[in-house]
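Peer 1: Structure in structure tokens, see below.
The values are calculated or read from the model by the stated rules, or taken from the named source; none is laboratory data. Keep in mind that this is a model prediction, so the values were computed, not measured. Methodologically, a virtual Cβ is constructed for each residue, glycine included, from the backbone with ideal geometry; neighbour enumeration extends over all protein chains shown. In case anyone asks, the SASA skips ligands and DNA or RNA and just uses the protein heavy atoms, side chains included. Shrake-Rupley method; radii C 1.70, N 1.55, O 1.52, S 1.80 Å.
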Amino acid sequence: FPLQITQEPSDSSTASAELSEVRSPGDSNTNATLLDAYDRFVYIVNPEKRNIYRYAQTEDGYSEPVGWMKAATGLEYETLLSLSVDGAVWLTTNQGQIKKFVLGREEQFEIRGLEQAFDSEIYLYTNEKLNNLYVLDPRNSRVVVLDKNGNFVKQVESVSLSAANALTVSEELGKMFIVGGPILYQVTL
């Protein structure tokens, strides 16, 4: 079940890539902590500025940043752990909360059918092609699958998940990939 990926250093494993700067350091992106992309937009969370900034791809690169949050939300930016964008912006906190924002305003999101509530650090992954939200809960050694309305679908449990801190999903492949330290895990959905 666990798959550990390592690669011996060699001349062929090192590739040179040309990086191009999207934005110079500025008020919106200095001290940004989270990043995701959706459609032709890039979103970043800046806890210091207490906002989410959105950059639109243009013919000439990227637009000036736009403060995406429409109102003061009371959101505790320093508690945020993950950001996923599927049209809505999904945020998780170190207190086990899932926050949903649409058009810069928070929408009520309630989880139904989950026996053991989230109460600590959680990480969420979704995108516009996925039907569900995938929530990594390391403290409880599980990944919880919720539909986008908050209904419990299922959960996967393994003691190996207690060290995990990132996940990605391909419903098309029927696989979930989870990183825990140097180990990459694969789980069949």
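Peer 1: If I stretch the segment between LEU189 and ASN131 completely, what's the gain in nm (0.36 nm per residue apart, minus their alpha carbon distance), one decimal?
Peer 2: Going from the current span to full extension adds 19.6 nm.
Peer 1: Rg over Rh of segment 67-153, using C-alpha atoms and the Kirkwood radius, what does it come to?
Peer 2: Result for segment 67-153 is an Rg/Rh of 0.94.
Peer 1: Here's something else I'd like to know. As a test of the definition: which semi-axes, in Å, follow for the chain when you take the square root of five times each eigenvalue of its alpha carbon gyration tensor? Largest first, please.
Peer 2: So the three semi-axes of the chain are 27, 25, 15 Å.
Peer 1: Counting other C-beta atoms within 10 Å, and keeping those with at most 16, which DSSP coil GluC sites (Glu not before Pro) do you find in segment 149-178?
Peer 2: GLU171, GLU172
Peer 1: Just list whichever of LYS100/LYS175; LYS49/LYS100; LYS99/LYS175 have alpha carbons separated by over 21 Å in the model shown.
Peer 2: Over 21 Å Cα-Cα: LYS100/LYS175; LYS99/LYS175.
Peer 1: Here's a follow-up. Only loop residues by DSSP count here, and only those with at most 14 other Cβ atoms within 10 Å; note down the trypsin sites (Lys or Arg not before Pro) in segment 62-134 that meet that.
Peer 2: Sparse-neighbourhood loop trypsin sites (Lys or Arg not before Pro): LYS70, LYS129.
Peer 1: Set the Förster distance to 35 Å, then compute FRET efficiency between GLU48 and THR168 from the Cβ-Cβ distance, nearest 0.05.
Peer 2: Efficiency for this residue pair is about 0.80.
Peer 1: Only sites in a loop by DSSP and with at most 14 other Cβ atoms within 10 Å count here; which GluC sites (Glu not before Pro) in segment 68-149 make the cut?
Peer 2: Answer by residue number: GLU76, GLU110, GLU115, GLU128.
Peer 1: Between ARG139 and PHE177, what length in nm is gained on full extension when 0.36 nm per residue of separation is reduced by their alpha carbon distance?
Peer 2: Separation in residues times 0.36 nm, less the Cα-Cα distance, equals 11.9 nm.
Peer 1: Using 7 Å Cα-to-Cβ label points, what is the GLU157/ASN31 separation (nm, one decimal)?
Peer 2: 4.1 nm
Peer 1: In addition: How much of the accessible area of the chain, probe 1.4 Å, is carbon plus sulfur, in whole percent?
Peer 2: Here carbon and sulfur together make up 46 percent of the probe-accessible area.
Peer 1: Expressed as a rounded percentage, what relative contact order does the chain have, with Cα pairs under 8 Å and six or more residues apart?
Peer 2: Relative CO of the chain lands at 14 percent.
Peer 1: With a probe of 1.4 Å, find how much accessible area the chain has per residue, and write the answer as a whole number in Å².
Peer 2: 59 Å²
Peer 1: Go ahead and collect, in residue order, the members of segment 70-92 whose backbone nitrogen is under 20 Å from a label point 7 Å along the Cα-Cβ direction of ARG105.
Peer 2: Those under the cut-off are 70-76, 86-91.
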